[in-house]
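A short worksheet on the structure shown next.
The values are calculated or read from the model by the stated rules, or taken from the named source; none is laboratory data. Note that the coordinates shown come from a computational prediction; the quantities given were computed from them, not determined experimentally. When we count neighbours, we look across all protein chains shown, and the Cβ atoms used for this are built from the backbone with ideal geometry, even at glycine. With ligands, DNA and RNA removed, areas are computed over all heavy atoms of the protein, side chains included. Shrake-Rupley method; radii C 1.70, N 1.55, O 1.52, S 1.80 Å.
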Amino acid sequence: GPIVTFSASLAATLLIPLSGMEAPVVFQGDLIVFAYLWGLARFFTMTAALDTGSAFEGMGASREALFSCLAEPTLLLRLLTLAREASSFSLSDMLSVGLIRVWAFHAPALCLVIAALIVVFLTENARIPIDDPTTHLELTMIHEVMVLDHGGPDLALIEVAAAVKFFALGTILVRMVHP
């Protein structure tokens, strides 16, 4: 589970353009692949949590499934909004300098898209107010309770995958605000 989670997170990050250049992997429809790679990573994280047999990790996996049912459609719909404006299903085209033109004509709509993506960012990365990763109460955790029984290299892969997800979604938000 942790290996697939890390690999899917890293593969999804390769689809995001960085520092004014195209992404390392670019093709039409990479937007859909991006969303599905995050879903794949989440599925294997939840499966690894259920595999431990712990009741707490099972509760965390069910909470993660609930929040993913709310966050993933929001992420996909917001990115489809950008795809419509860019007339392309490629993240490199959507988050390019051409987004400045979209800001000129559709600033209120983009502000709403950014607000929705901020909520998705907080949800996907298990941050306050959705989740508190620093708490010691298993009953209030979402993401952290799923990794309680992992250790060593598996825990390291899960933590690095979470950091990669944080970086990737943060990059998308920054590119939207400042193309």
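With assigned to a helix (DSSP H, G or I), touching a Pro at 6+ places or on another chain (Cβ under 7 Å) and closer than 17 Å to TRP38 by Cα as the only criterion, which of LEU157, LEU169, LEU117 stands out?
Testing whether each residue is assigned to a helix (DSSP H, G or I), touching a Pro at 6+ places or on another chain (Cβ under 7 Å) and closer than 17 Å to TRP38 by Cα leaves just LEU157.
How about the range 8-24: which of its residues are over 12 Å from the mean Cα position of the chain (by Cα) and open to solvent by 60 Å² or more (accessible area, probe 1.4 Å)?
Passing the criteria: LEU14, LEU18, SER19, GLY20, MET21, GLU22, PRO24.
Filtering the range 25-35 down to residues that are touching a residue at least 60 places away in the same chain (Cβ under 8 Å) and open to solvent by less than 70 Å² (accessible area, probe 1.4 Å), which residue is farthest from ARG175 (Cα to Cα)?
Here the answer is GLY29.
When both residues are 6+ apart or on different chains and their Cβ atoms are under 6 Å apart, which pairs have a first residue that lies in the range 36-51 and is open to solvent by less than 70 Å² (accessible area, probe 1.4 Å), and a second that is at pLDDT below 90 and outside any helix (DSSP H, G or I)?
From the range 36-51, the pairs are PHE44/GLY1; THR47/GLY1; ALA48/GLY1.
Within the range 14-32, how many residues are within 13 Å of SER92 (Cβ to Cβ), among the β-branched types (Val, Ile, Thr) and part of a helix (DSSP H, G or I)?
0
Here is a list: ALA61, ALA41, ALA65, ALA71. Which entry is in a helix (DSSP H, G or I), modelled with pLDDT of 90 or more and closer than 13 Å to HIS143 by Cβ?
Only one candidate passes the filter, namely ALA41.
Name the one entry in ARG78, ARG63, ARG84 that is open to solvent by 20 Å² or more (accessible area, probe 1.4 Å), without any contact (Cβ under 8 Å) to a residue 12 or more places away in the chain and within 30 Å of LEU110 (Cα to Cα).
ARG84
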